[in-house]
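Input: a single structure, listed below in structure tokens.
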Amino acid sequence: MSEAEAPAAVPSDPSVAPRPIAPRHVAIIMDGNGRWAASRGLPRAEGHRRGVEALRRTVRAAGELGIGFITIFSFSSENWSRPVSEIRDLMGLLKRFIRHDLADLHKSNVRVRIIGDREGLDRDIKSLLDEAEELTIGNDGLTLVVAFNYGARQEIARAAKHLAAEVAAGRLTLDAVTPEAISARLDAPDLPDPDLVIRTSGEQRLSNFLLWQSAYSELVFLPIFWPDFDRAALEEAIAEYRRRERRFGGLIARTGS
Ligand code: IPE
Ligand code: IPE
Ligand code: MG
């Protein structure tokens with residue numbers, strides 16, 4: 001077809017305009033469940049329960065917005081220092097979430113991945129985590145990465161230990177110990193680094209979350225508690241991300257996309 005014959009361009013209708021491309025990988029520190037509950041005179045467990053509802057909304061919204069990977073911090077290596085009753089509540093919620101939501105996630109073509117230390121977890125939790133990964137291994141929609149019993153320093157130490165063992169066994173030379181070699185031994189080495197890390201609750205720290213992978217992530221801190229998080233909050237964080245200039249140490253700015 002010659003240029004003269006080309007059909008006239010369809011006038012652009014803003015309501016059907018293509019969405020700007022979403023960040024490829026969004027990681028979230030879901031914080032503030034306890035304060036959400038306390039501010040309403042409710043037990044902390046209720047905050048955690050409502051936090052699971054926020055998680056369901058968020059996973060749905062992430063899929064709708066075209067995000068490829070979403071990593072959620074659901075239990076840190078340091079959260080074991082909480083009272084036993086709260087740990088029991090959190091473990092119970094994780095089990096219920098997987099038992100109740102796994103089939104729906106699978107139907108929605110979501111692939112579930114787990115990062116963190118699975119050794120030493122109760123057998124029933126470990127087998128649920130394994131089941132979630134195995135059932136969804138062939139899905140190619142949104143990847144939901146659950147950071148459970150996760151600490152970034154522990155993850156980096158595990159990677160260092162693997163490398164040290166390979167050097168000691170003579171399979172690697174010292175010169176092969178590079179940032180890439182460490183990245184390749186993290187818990188989920190095939191995942192892209194997060195473009196955007198969101199933390200709710202107003203705290204402005206990483207609390208041992210993805211320290212290696214977030215070297216060049218944009219950080220967005222939202223003043224709302226996690227149980228109040230929804231699609232609008234996610235879109236607000238993405239809008240803030242788009243206003244940032246990413247330079248990766250160079251001089252050429254790339255706006256977030
Ligand atoms: C986040 O909410 C959930 C977990 C850490 C498991 P918190 O329980 O930390 O709630 P706050 O920060 O005490 O309000
Ligand atoms: C980070 O929140 C861990 C999770 C969200 C799972 P915390 O509430 O444990 O972090 P700190 O103690 O305020 O740093
Ligand atoms: Mg907290």
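Quick check on the stretch 247-257. Is at least one of its residues within 18 Å of the chain's Cα centre (by Cα), modelled with pLDDT under 95 and of a type in the set (S, T, Y)? Step through it out loud before you land on a result.
Kept after step one, since they are within 18 Å of the chain's Cα centre (by Cα), are these residues of the stretch 247-257: 256-257.
The next check asks that each one be modelled with pLDDT under 95; those that pass are 256-257.
In the following step, the residues that additionally are of a type in the set (S, T, Y) were identified as 257.
Yes, the conditions are met somewhere in the stretch 247-257.
Rundown of residues vs (1) surrounded by 13 or more Cβ atoms within 10 Å (Cβ to Cβ); (2) acidic (D, E); (3) on the phi > 0 side of the Ramachandran plot, yes/no style:
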position	(1), (2), (3)
L105	yes, no, no
V112	yes, no, no
D117	yes, yes, no
R123	no, no, no
L135	yes, no, no
L144	yes, no, no
R153	no, no, no
A164	no, no, no
V167	yes, no, no
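Looking only at the stretch 82-98, decide whether some residue is at pLDDT below 95 and more than 14 Å from ligand 3 (Cβ to nearest atom).
Restricting attention to the stretch 82-98, the residues satisfying the condition of being at pLDDT below 95 are none.
No: zero hits.
Out of the stretch 186-215, which residues are crowded, with 17+ Cβ neighbours inside 10 Å and in contact with a His (Cβ under 6 Å, 6 or more places away or on another chain)?
Once the filter is applied, which keeps residues that are crowded, with 17+ Cβ neighbours inside 10 Å and in contact with a His (Cβ under 6 Å, 6 or more places away or on another chain), the stretch 186-215 yields P194, D195.
Residues to consider are A232, A237; find the one that is buried (at least 18 other Cβ atoms within 10 Å of the Cβ), away from ligand 1 (no atom under 13 Å from the Cβ) and more than 12 Å from I29 (Cα to Cα). Please lay out each step first, then the result.
On the way: A232 fails: buried (at least 18 other Cβ atoms within 10 Å of the Cβ).
The match here is A237.
Condition first: touching a Pro at 6+ places or on another chain (Cβ under 8 Å) and away from ligand 1 (no atom under 11 Å from the Cβ). Can you find one or more residues in the stretch 47-54 that meet it?
Among the residues of the stretch 47-54, at least one is touching a Pro at 6+ places or on another chain (Cβ under 8 Å) and away from ligand 1 (no atom under 11 Å from the Cβ), which makes the answer yes.
So which residues in the stretch 71-87 are of a type in the set (G, A, S) and either buried (at least 17 other Cβ atoms within 10 Å of the Cβ) or under 14 Å from L210 (Cα atoms) (or both), if there are any at all?
Taking the stretch 71-87 and keeping what is of a type in the set (G, A, S), we get 74, 76-77, 81, 85.
Passing the criteria: S74, S76, S77.
Scan the stretch 160-205 for residues that are over 18 Å from F69 (Cβ atoms), within 16 Å of ligand 3 (Cβ to nearest atom) and not acidic (D, E) and jot them down.
Our first condition is that a residue be over 18 Å from F69 (Cβ atoms); within the stretch 160-205, this holds for 160-182, 185, 200-205.
From what's left, within 16 Å of ligand 3 (Cβ to nearest atom): 200-205.
Passing the criteria: T200, S201, G202, Q204, R205.
Only one of (1) near ligand 1 (Cβ under 9 Å from one of its atoms); (2) free of Cβ contacts under 8 Å to residues at least 24 places away in the same chain; (3) hydroxyl-bearing (S, T, Y) is not met by S81, so which one is it?
(1)
Residues checked against (1) more than 14 Å from ligand 3 (Cβ to nearest atom); (2) at negative phi; (3) assigned to a loop (DSSP other than H, G, I, E, B):
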| residue | (1), (2), (3) |
| --- | --- |
| R35 | no, yes, no |
| G41 | yes, no, yes |
| L55 | yes, yes, no |
| A62 | yes, yes, no |
| I70 | yes, yes, no |
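Say whether the condition of being over 18 Å from the mean Cα position of the chain (by Cα), in a helix (DSSP H, G or I), under 24 Å from G47 (Cβ atoms) and not acidic (D, E) is met by at least one residue in the stretch 122-131.
There is at least one residue in the stretch 122-131 that is over 18 Å from the mean Cα position of the chain (by Cα), in a helix (DSSP H, G or I), under 24 Å from G47 (Cβ atoms) and not acidic (D, E).
Are any of the residues in the stretch 20-27 at pLDDT 95 or above and farther than 28 Å from P189 by Cβ?
No: zero hits.
Could you please find all residues in the stretch 26-49 being over 11 Å from D89 (Cβ atoms) and surrounded by fewer than 19 Cβ atoms within 10 Å (Cβ to Cβ)?
R35, A38, S39, R40, G41, L42
The values are calculated or read from the model by the stated rules, or taken from the named source; none is laboratory data. Quick caveat, the model's predicted, so the values are computed rather than measured. FYI the Cβ positions are ideal-geometry reconstructions off the backbone, even for glycines, and counts take in every protein chain you see.
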